[in-house]
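Written out below as structure tokens is the structure these notes cover.
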Amino acid sequence: MPDTVTAAAQRELTLGEAVRDAIAEEMRRDPTVFLMGEDVAEAGTPFKVLSGLSGEFGTSRIIDTPISEAGFTGLGVGAAMTGTRPIIDIMFGDFVCLIMDQMVNQAAKVHYMSGGKWKVPMVLRTTLGATRRSAAQHSQSLQAWFAHIPGLKVVMPSTPYDAKGLMKSAIRDDNPVIFYEDKMMFRFKGPVPTEEYTIPIGVADIKRPGDDITIVATSSMVQVALGAAKMLEEADISAEVVDPRTLWPLDEKTIIESVKKTSRAIVVDEGYQRYGVTSEIAAVIAEGAFHYLDGPVKRIGAMHVPIPFSPSLEDATVPSEQQVFDAARALCSRS
Amino acid sequence: MTTATQVPTSTSSAAQKWLHAYRQMVAIRLFEEQVNDLYTRAIMPGLAHLYIGEEAVAVGICEALHRDDYITSTHRGHGHCLAKGAAPDRMFAELLGKRAGYCKGKGGSMHIADPDTGNLGANAIVGGSAGLATGAAFSAKQLGNGRVVVCFFGEGALGQGVLYEVMNLASLWKLPVIYVCENNMYNEYTHYSETTAGDILGRPVSFGVPSHSVDGQDVRAVNAKATELVERARKGQGPSFLMCNTYRYRGHHVGDVSREYYRAKTEEQEWMTQRDPIIILTNWLLAEKHADSAQLEKIQNDVRTEIEAAVKFALEAPYPALEEVDEDVYA
């Protein structure tokens, strides 16, 4: 968060409230913005994030849908092409499996296939994150799938400040933007300026400066990385936590510069490691900072299993502070 | 919709209207025959899916629309694009992958799009434009601009679930969209009786979407029904479904030449001789004395000249520069 924001000019919001504020502000600013999804109006979504929006904007702009993810996502693409700016709400990130043709074959490609003639200014708002005891089909973090596709943008804020600024930018962006919120972070609190602001898409943020090792982390893994950084501090290791904030466009420069400074890197994401976000960013670091590295880049993602239901099993499948701490200490003891 | 040729003598508005429709159908027919020629001479890259035989559907429907009404099209979409007002020269250019094409060569046959004529684009995914068309109707209603949308698809798309999802949405929210099913009886190489259970019209009806069926070879019948459904949509009364029974004379795509294994030559001959949309309209025009044979022949010749010039334009047009390959990924 910028140093220039004074204590008087900010208040504490949860990540959920920050997202809601961003949506409300943009809907006041631009009458073509609307939001559509399951249980978004009266219920304000099962996560209660959107409570109150249908009261202010009415059910013609906060619209409950049948359980037809493919149908209303495709509708969102067509609406975005023809003068409105939809926010399509997909309750659980696992349900993106139902909308892949609409996002990958349609939304991502309309602008290119038409030679730049048609645009798709839509936001696809969805979730990631396990440890909610929701089992395998309600707990996945599939952001790598969308980051893989040219034509899509992928945003993953980790704080209320980032969430609000990035949601506003996402709504104003003329491209399809997938906006990921971690289900476990809706009540996470943080300072948010009272003045209006936006955060550009494609700019990383150093959440904690350090000198000995770089930990690149996304979404709720930023908190995991910061927790590990505190543990590392006690072990006399200074960790720098870099939050990309957006997977695509990716701020490669900030990540590479950090690793050039520290010479060691770990990448933490809640998606599966193989062919995932951690693998991509590890490759970016290896290409961009190879001669500065004192050891291999370590990836830490979800265990390669469907997320199990039992609490004793589930918590073991997601990256933990201990895991990050152990990996960092191992890397630092090499040199 | 945009024509260069003046239609002589007959001044009644009916005559003008149907002579224009005649011209449009002839233009599609000659355009597609030229496309086939480019393919067989190995000049056109990729494949094309010809609309020959189905002209009355595209023309009958599009003549009921305003320029700023929207359409979505299919892999078999050249007829829709032309009927909605696309220029043959820029279409040929797109099929050849030239920079002067509608999509700067980036889309090709199955993705031709043209905002100037409300063409949201052809789609290579069967049923792929169901959502887009329904969304455009949603926008039109949201913005109150009075536009309507036609979603073209083949009877093969009746197998795609998303089509039913969006009809449910369109019916619930009374969206101004007309779902036009071009039933040419073959899902690629499979007869639709082998793939389509129950009653086709019963499906949209079960969503509360009024459903109609029309002889797709009779451009006046198609246009009359389309006009009624467009007016219904524009008045805010909601979506409708129109099945147009038609036939593609050629193969599924230009390379599908030996097709006796799935389609009898006798059946093809019957449609080509007994149910040709251009012949049907010709007979009516002559019977009603809206034109004589000489006028119709002149129209054909004028169109032929235009098509020849359009092909020449496309053949001579340059390809896009390599530097353009990564332009337009993002707006």
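We did not get these values from a lab; they are worked out from the coordinates using the rules stated. These figures come from a predicted structure and were not determined experimentally. Glycine also receives a Cβ, built like all others from the backbone with ideal geometry; neighbour counts cover every protein chain displayed.
Counted by neighbouring Cβ atoms within 10 Å, the residues B:80, B:66, A:148 run from fewest to most as B:66, A:148, B:80. Per q in 0.10, 0.15, 0.18 1/Å, what log10 I(q)/I(0) does a Debye calculation on the alpha-carbon atoms of region B:1-153 return? Here log10 of I(q) over I(0) equals -0.35, -0.77, -1.06.
Per-residue 3J(HN,Hα) values for region B:59-66, derived from phi via the Karplus relation 6.51 cos²θ - 1.76 cosθ + 1.60 with θ = phi - 60°, read 6, x, 6, 5, 5, 8, 10, 7 Hz in sequence order (x marks Gly and Pro).
Cα convex hull, region A:205-332: 96 Å³ per residue, rounded to a whole number. Computed 3J(HN,Hα) for region A:310-324, one whole-Hz value per residue from the Karplus formula 6.51 cos²θ - 1.76 cosθ + 1.60 where θ = phi - 60°, is 4, x, 5, 9, 4, 4, 6, 8, 10, x, 10, 4, 4, 4, 5, glycine and proline marked x.
For B:209, B:26, B:329, the sequence from fewest to most other C-beta atoms within 10 Å is B:329, B:209, B:26.
The local environment of residue A:29, defined by Cβ-Cβ distances under 11 Å, has a net charge of 0 under the rule Lys, Arg +1 and Asp, Glu -1.
The loop-placed trypsin sites (Lys or Arg not before Pro) in region B:109-174, going by DSSP, that have at most 16 neighbouring Cβ atoms within 10 Å of their Cβ come out as B:174. Applying Stokes-Einstein at 37 °C and 0.692 mPa s to the Kirkwood radius of the protein assembly as shown, computed over alpha-carbon pairs, gives a translational diffusion coefficient of 121 µm² s⁻¹.
For chain A, the relative contact order works out to 16 percent when only alpha carbon pairs closer than 8 Å and six or more residues apart are counted. In this entry, region B:203-331 is assigned a mean projected area of 14.8 nm², taken as a quarter of its C-alpha convex hull surface. Take every DSSP beta bridge whose two residues both sit in region A:12-193; close to 15 percent of them are antiparallel.
Each 5 Å bin from zero up to the one holding the largest Cα-Cα distance in region A:166-205 carries the following percent of pairs: 5, 17, 22, 27, 22, 6.
Summed over all non-identical Cα pairs, the Kirkwood treatment of region A:31-106 gives a radius of 12.5 Å. Looking at region A:205-332, the DSSP beta bridges with both ends there are about 20 percent antiparallel.
Taken one residue at a time, the phi angles of region A:14-27 give Karplus couplings (6.51, -1.76, 1.60, θ = phi - 60°) of 7, 4, x, 5, 4, 5, 4, 4, 4, 4, 4, 4, 5, 6 Hz. Gly and Pro are set to x.
Looking at chain A, which longest stretch skips every one of the GluC sites (Glu not before Pro) that is in a DSSP loop with at most 16 other Cβ atoms within 10 Å, leaving the sites themselves out? Longest run free of exposed loop sites: A:43-194. Each Cα pair of chain B feeds into the Kirkwood radius, which the Stokes-Einstein equation turns, at 25 °C and 0.890 mPa s, into a diffusion coefficient of 122 µm²/s.
Only lysines eight or more places from residue B:312 in sequence, or on another chain, were considered; those with a Cα closer than 18 Å are B:98, B:104. Computed over the Cα atoms of region B:281-331, the ratio of the radius of gyration to the Kirkwood radius (Rg/Rh) comes to 1.40. Our analysis of region A:12-193 gives Rg over Rh at 0.94, with the two radii drawn from alpha carbon positions and Rh computed by the Kirkwood formula. Once the Cα atoms are used to define both axes, helix A:69-81 deviates from the longest principal axis of chain A by about 80 degrees. Between the helical axis of A:160-172 and the longest alpha-carbon principal axis of chain A there is an angle of about 50 degrees.
Over region A:174-280, the pair-distance histogram of Cα-Cα distances with 10 Å bins from zero comes to 14, 43, 35, 9, 0 percent, rounded to whole numbers. Are there chymotrypsin sites (Phe, Trp or Tyr not before Pro) in region A:241-306 that DSSP puts in a loop and that have at most 16 other Cβ atoms within 10 Å, and which ones? Sparse-neighbourhood loop chymotrypsin sites (Phe, Trp or Tyr not before Pro): A:275. Considering chain A at the alpha-carbon level, its Rg and Dmax are found to be 19.6, 62 Å. Report the Stokes-Einstein translational diffusion coefficient (µm² s⁻¹, integer) for region A:155-233, Rh taken as the Kirkwood radius over Cα pairs, at 20 °C with viscosity 1.002 mPa s. The calculation lands on 156 µm²/s. Working note: Debye formula, equal point scatterers on the alpha-carbon atoms of region B:69-220, no solvent; log10 I(q)/I(0) at q = 0.10, 0.17 Å⁻¹ is -0.36, -1.01. Bridging of residue A:153 to lysines at a Cα separation below 21 Å is possible for A:109, A:117, A:119, A:164, A:168, A:183, A:253, B:106, once same-chain residues fewer than 8 apart are set aside. Only lysines eight or more places from residue A:298 in sequence, or on another chain, were considered; those with a Cα closer than 18 Å are A:260, A:261. Centre-to-centre, using Cα atoms only, region A:188-210 and region A:60-94 are separated by 27 Å. Per residue of B:92-105, other chain Cβ atoms within 10 Å of the residue Cβ number 1 on average. Given R0 = 30 Å, the distance between the Cβ atoms of residue A:292 and residue A:330 translates into a calculated FRET efficiency of 0.95. Under 5 Å between amide hydrogens, built in the peptide plane, is the criterion, and for residue A:302 it picks out A:271, A:272, A:273 among residues at least 5 positions away or on other chains.
So if a site counts as exposed when it's one of the chymotrypsin sites (Phe, Trp or Tyr not before Pro), its DSSP state isn't H, G, I, E or B, and it has at most 12 other Cβ atoms within 10 Å, what's the longest stretch of chain B without one? It runs B:1-188.
Distant-in-sequence amide contacts of residue A:214, defined by a placed amide H-H separation under 5 Å and a gap of 5 or more residues or a different chain, comprise A:240, A:264, A:265, A:266.
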